[in-house]
Structure formats: C-alpha cells, structure tokens
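Values quoted throughout were computed directly from the atomic coordinates according to the rules given, and no laboratory measurement underlies them. Quick caveat, the model's predicted, so the values are computed rather than measured. Glycine gets a Cβ as well: all are built from the backbone with ideal geometry, and neighbour counts include every protein chain shown.
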Amino acid sequence: MKSPRIFVPNDATAVACGADRVARKLEAGLLARGITADITRNGSRGLFWLEPLIEVETERGRVGYGPVKPSDIEDLLHAGILHGADHPLCVGVVEEIPYLKKQTRLTFARIGIIDPLSLTDYKAHGGYRGLERAITLGPSATVEEVVESGLRGRGGAGFPTGIKWRTVAAAPADQRYIVCNADEGDSGTFADRLIMEADPFCLIEGMTIAGLAVGATKGYVYSRSEYPLAFVVMEKAIEKAREAGLLGDNILGSGLAFDMEMRMGAGAYVCGEETALLESLEGKRGLVRAKPPLPAHKGLFQKPTVINNLVSLATVPVILDKGGKYYRDFGMGRSRGTMPIQIAGNIKFGGLFETAFGIPLGELVYDIGGGTASGRPVKAVQAGGPLGAYLPTHQFDTPFDYEAFTAKDALIGHGGLVVFDDTADLADMARFAMEFCAHESCGKCTPCRIGSTRGVETLDKVIAGEKREQNLALLTDLCHTMKLGSLCALGGFTPYPVLSALNHFPEDFGVAPKLPAAAE
Ligand SMILES: Cc1cc2nc3c(=O)[nH]c(=O)nc-3n(C[C@H](O)[C@H](O)[C@H](O)COP(=O)(O)O)c2cc1C
Ligand code: SF4
C-alpha cells in the first residue's frame, strides 16, 4: 500500500525540536504496516510552537499534527492520521490556522509548502516566472519594475532597492557583483535562514534577476557559521540550478550569464554591516570602510556592487512575476509591500508573520503572538535587533512602518521583535546594549571603540547608585557623542536601546531622570 504524501519539516528550528527523530519513527511505523512511506522533508511554516508539525495531504487539504514527539507516532498512526483523522494533536487544515490565514505571504509564499530542493515543486508554485519575465523585459525595465514596487531594503536601513540597482547599473565597469547579505545578526531574527533552508531557489532566482538587471555576472551569498544547514541546502540548490541551466553561461537559453557561490563568515555582528562584509568577503578582517565611495560605485574588489539583504533579494521574484504595482498596493505610506515579522523572546506563539506594513505593534504582540510565554504582563519589546529601541506598552499603537518607528526613535531593522515580561530589568538591558557594542565594535572609530567601554562603566556606577545624577548626565552626553560621531550604525545606534530604556523605565535605574531630548 502507498501512503499519501506526508510532510515533516527539515529546517533548523524543526530539527532542533526533534523533527529528524519524528521522521525516522514515522518511516519505521509505516514500514511495519507494509505502507511505502512518502515522506517529504519540507521547511517549517514558521509556526514554531507547533514544531515538529507533521502534515498529511487529504481531500480537505493538508491536515496538521503538532507538536509531535517520536513517542506520539504509534498513537497517531493508530488513530488514522493518513486519512486526516482527528486526534488531540490535530490542528486541522493547516492553511486555516488563524496565525497563517491572517498573513499575506508574498516573499514566503512557498515556505513550508514545497520540498526545498525540488525544482519541480518550486516551478509548480510560481517559481522562475519572475526570471522569465525579467529576461523578456530586459535590464532597465527590470530595474524600473523594482523601483515601481517601492521595495526598501529589509536589512535595516530601508534604502529603496530599485534606486540602488539603478546606481550600480549606471556605474561604468568591466565587472559588477551581486552580494547577498545573509549574515542575519539581529537578535530574534531568522527570516534569512528560513528562506535558505526552506525555499533556496527563491533566493537564487532573486539574485539571478538582480544580476541580469544590473549587468553583474557573479554573485556571493555571505552567511554565518551558525547557519550550517542553510549553507548545505543552498550549495545543493545552486548545483541543481546549474544543472538545469538556471545558473551559468546561458540562463534559460537567453545567452545571458550569471553564477553564484556561498561564503561563510565566522559570525561577527559587524560583518553584517555592508562594507565590513565586503572586507570579510575579500578575505580580510571585518573592518568598516569609510563612505564614500558607496559599494554601488566601489564595492567588492572595488567594483560596482549591489549589496542587498537576503529578504530584499528573495522578494524580487514575486515583484517581477506579479508586477511592481501589485506589490506596492500592499502597505502604508512609504513602506510598501509586506514584511516578514519575526516574533521572538518571551512570547507564547513565536514565529514568522508576513504581513503588509501598517499593522500595530500591539496587535503583533497580543493578538498574533498571544502575549508572553510566561503568562506575565508584557513590559517592553525590542524591535529591530540589538541597536533598536525598547518600546513600552503605551507605544504599542505604533504601526509597523519605517517612518512611524523612526518618529519614536525606534527601528524596524530586519523585522525582529523580542518580547520581555515585567520581570525584565531594563537597566540591565541598557548595560547589555553597551557591552554588546564594546564586544562587537570593529575598533575603527573612537566614539564606538572607547565610548562603549566607558558606557558600560558608567552604567555600572548608575546601577550601583554611585553619583547617579552625575553619571546619568555623563551617560546621556556619551550617547549623543556616539550617535553623532560614530562611523557606522553599530556605534551610532547603540544609544537608542540605552536611551529608550532610560527614558521609559527610569525606575529600573533607581531614579526618575529628566527625559533625554532624543528619546520620546
Ligand atoms: C552593525 C551592523 C550590522 C548589520 N547587519 C546586517 C545583517 O546582518 N544583515 C543585513 O542584511 N544587513 C545588515 N546591516 C545593514 C547593511 O549594512 C546594509 O544596509 C544592508 O545589507 C543593505 O541591504 P538592503 O538595502 O537590502 O537592506 C547591518 C548594519 C550594521 C551597521
Ligand atoms: S561605529 Fe564601531 S563598528 Fe562602526 S566603524 Fe566605528 S568602531 Fe567600527
């Protein structure tokens, strides 16, 4: 007897939750019943509290069971999961789960649905339609389609992707490069990893479109040693794309060339900064370069380079497939399209939630995320990684929008949210921000290299109650120096978590200080 198609995720989150053991137990259970197993190792849907989530294809759609332990398998098979039978672990038709149903999945449309390394699956779900259209449009019209979409860089700075591509395409050169920033150092973030592990051809297609659009024949993906599985999946996918004529000298028979390689960094936070990344990619120490020149003019090996975040590049296929106008119709203000928001920290329903810009922060934390995992009241959310502000609950009406966040001295960054309950001590978190900066500083400029160490010392004195007033004044002054005098955003943005903690939670510092000018 042949079994229906069963899915058990194979990405790092699901595997960490025991998905490999579940898959082995399931295979053995099916064999013992004389059933030929048809188990597809998909990627996670991004509903992490349900992992490992088994899905079974039925007439009603894909029915899910989770979180499954190996010891649940016999019981599940006995209950008849191959027919989508009911069971205490059954979560119903997966597409109907409200967490998934409320999303607008454009960039993550295939995540969790397909076999990551099956080109057939990829193409059956819209894959490579974007590249075909880009070849038909030609380079400049492809760039203009991305401009039209309103896509802004998903790595942190929110710079318009199409404008960056225009600059690189216009820069005279014998060689241009596409560099994918997959360093993903922000706390609570995993969107880049999930795409590499669960939909690698999407990134390959996006980079190929970028290459053809700006006249670059070579691309590199720069990721980190903490992502070994993503690296392996990407290498296999690149090989398959080459074999299928989707990378190489004659892409889809067009006569156009583009190829790409993986590179792994050691995992320094500063190597996510684009110029430090380029240094590292060239085999040097990850030291930030002074700008100008911009990487778009002189980037990798001093050649014009498009350096984009992985999510920016993986969003390009859907833009080319459905059109720039289709994409820009989602969102609010100057924040167009969708954002894969990664909800992490002390949260009940942690995972990935892709939605159009504009959703209020509080809705993400309470309605989608279900509040804290500890069941205690939410105290704050750090948005946008370690350089992002702590937002208190009275700011939870802030819409997820670049400009609305900037108005609160906060960051959207790479879309990570880290939730804290009322037991968190924000003075400790402010100290952590300074310590993190001291640890990760590349050392090139004084405000960051020396300032962060002095910041830790000053915060220690504040926390110990030593000359609090004077040390808080000193800390505020130091933060302004770091903001204005640092060469890159590592030193320049570390003051934001520090000042937001001080401004919104003065009681944690043992005093009610005057509001620092920049922090409301
Ligand atoms: C300290 C620091 C770390 C950064 N880390 C990342 C990162 O991990 N991934 C990323 O895409 N961008 C990161 N950035 C932003 C990059 O410098 C750059 O803006 C981005 O790769 C450009 O791509 P985008 O326009 O698609 O966002 C970082 C910036 C700084 C200052
Ligand atoms: S701010 Fe820090 S990380 Fe950035 S260049 Fe200066 S020393 Fe290096």
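Amide hydrogen proximity for Thr40: with H placed 1.01 Å from N in the peptide plane, the residues at 5 or more positions away or on another chain lying under 5 Å are Ile6, Phe7, Val8. Between His78 and Ala173, the FRET efficiency from the beta-carbon distance, with R0 = 60 Å, is close to 0.40. Computed from phi, the 3J(HN,Hα) profile of the stretch 254-267 under the Karplus parametrisation 6.51, -1.76, 1.60 (θ = phi - 60°) reads 7, x, 8, 10, 7, 9, 8, 9, 8, 9, 10, x, 7, x Hz, with x in place of Gly and Pro. Here Lys291 is the anchor, and the lysines within straight C-alpha reach of less than 21 Å, apart from those fewer than 8 places off in the same chain, are Lys164, Lys303, Lys444, Lys483.
Among rounded, prolate and oblate, which fits the stretch 118-221 when a ≥ b ≥ c are the square roots of the eigenvalues of its C-alpha gyration tensor, a/c under 1.5 means rounded, and a/b larger than b/c means prolate? Here the stretch 118-221 falls in the oblate category. Which entries of Lys218/Lys408; Lys284/Lys461; Lys102/Lys325 have Cα-Cα distances beyond 32 Å here? Violating the 32 Å limit, Cα to Cα: Lys218/Lys408; Lys284/Lys461.
The aspartates and glutamates within cross-link reach of Lys69, meaning a Cα-to-Cα straight distance under 19 Å and a gap of 8 or more places when in the same chain, are Asp11, Asp20, Glu27, Glu51, Glu55, Asp86.
Pull out the extension gain between Thr136 and Glu507, defined as 0.36 nm times the separation in residues minus the alpha carbon to alpha carbon distance; nm, one decimal.
On the way: separation 371, 0.36 × 371 = 133.56 nm, distance 6.12 nm.
Net length gain for the segment: 127.4 nm.
In terms of packing, defined here as the mean over residues of other Cβ atoms within 10 angstrom, the peptides 292-304, 402-414 line up highest first as 402-414, 292-304.
Taking amide hydrogens as placed 1.01 Å from N in the peptide plane, the amide H of Tyr390 sits under 5 Å from those of Ser500, Ala501, each at least 5 positions away in sequence or on another chain. Per-residue 3J(HN,Hα) values for the stretch 207-213, derived from phi via the Karplus relation 6.51 cos²θ - 1.76 cosθ + 1.60 with θ = phi - 60°, read 5, 5, 4, 4, x, 5, 5 Hz in sequence order (x marks Gly and Pro). Here is how the number arises for the chain: DSSP H runs of 4 or more residues each give -39500 (n - 2.57), the sum is divided by the residue count, and the result at 222 nm is -11500 deg cm²/dmol.
Please work out whether the stretch 280-374 counts as rounded, prolate or oblate from its C-alpha gyration tensor, where a ≥ b ≥ c are the square roots of the eigenvalues and a/c under 1.5 means rounded, while otherwise a/b larger than b/c means prolate and anything else oblate?
Note, shape of the stretch 280-374 comes out oblate.
Using 0.36 nm per residue and subtracting the Cα-Cα separation, the extra length available between Glu235 and Met264 on full extension is 9.3 nm. Restricting to Cα pairs below 8 Å that are 6+ residues apart, what does the relative contact order work out to for the chain? Please round to a whole percent. Here the relative contact order equals 13 percent. For the chain, the gyration tensor built on C-alpha atoms gives an oblate shape. Its axis ratio a/c (a ≥ b ≥ c) is at least 1.5, and a/b is not larger than b/c.
Computed from backbone phi, the HN-Hα couplings of the stretch 171-177 come to 6, x, 6, 8, 8, 10, 10 Hz, rounded to whole numbers (Karplus: 6.51 cos²θ - 1.76 cosθ + 1.60, θ = phi - 60°; Gly and Pro given as x).
Once the C-beta distance of Ala32 and Asp86 is scaled by a Förster radius of 22 Å, the resulting FRET efficiency is 0.45 to the nearest 0.05. Between the alpha-carbon centres of the stretch 338-375 and the stretch 38-78 there is a gap of 23 Å.
Amide H contacts of Gly416: Gln342, Gly384, Gly385, each under 5 Å away and 5 or more positions distant or on a separate chain (H built 1.01 Å from N in the peptide plane; Pro and chain starts excluded). The label-point distance for Arg5 and His480, in a model that sets each label 7 Å from Cα toward Cβ, rounds to 6.2 nm.
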